[in-house]
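Take a look at the structure below.
What follows draws every value from the coordinates through simple rules; no lab data is involved. Values in this document were obtained by computation on a predicted structure and should not be read as measured data. We place every Cβ from the backbone using ideal geometry, glycine too, and count neighbours over all the protein chains shown.
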Amino acid sequence: MGAESGRADARPRHLFALWLLVGLGLCGVFIYGCLMPSPPSEPQIPYFDKLEHAFAFTVMAAWFGTLFAGRNGLVLLALSAFGVLTEVMQWASGYRDGDPLDWMADTFGILIGLVLVRAGAMRWLVYLDRRVATARN
């Protein structure tokens, strides 16, 4: 099996709608975290909030990068736009602050997530998708 054919099958197909809903749920949790009026206090670690942003977007990029394998540019643009949107929503809320550095951390996390997908870190999702499909037949 060549690398090309391996990549073509390297995305979950059988339960795609379910996996997409899970990914959208991740986005919803992130929006909630960004817009909660009284967020929990953070540890006194410099730039901890940037680490939170980078981690959240690493997870989302790995998830969507697996669902939309071979469309890294689309995933990068969509999640980067999502990051900008969350910062605008925070700014517009009147009780949170939008921060361009948060968006930069988001974008850094997206890049990490896409590299992880490329390295095969999300093969477990493809495996799970195939196992469930096989069990259903």
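Structure above, values below:
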| quantity | calculated |
| --- | --- |
| Helical mean residue ellipticity (222 nm; -39500 (n - 2.57) per DSSP H run of 4+; nearest 500) of the chain | -24500 deg cm²/dmol |
| Percent RCO, i.e. relative contact order, over the chain, from Cα pairs under 8 Å lying at least 6 residues apart | 35 |
| Burial order of peptide ranges 105-112, 45-52 (average beta-carbon count within 10 Å, highest first) | 105-112, 45-52 |
| Relative contact order (%) - the range 70-119, alpha-carbon pairs under 8 angstrom, separation at least six | 38 |
| Compactness of the range 50-137 as Cα Rg over 2.2 N^0.38 Å, two decimals | 1.27 |
| Under the span-like rule (Cα at least 15 Å along the axis, Kyte-Doolittle mean at least 0.5), DSSP H helices of the chain | 16-35, 48-67, 72-93, 100-118 |
| Counted charge near Ser41, where neighbours are those whose Cβ lies closer than 15 Å (Asp, Glu -1; Lys, Arg +1) | -2 |
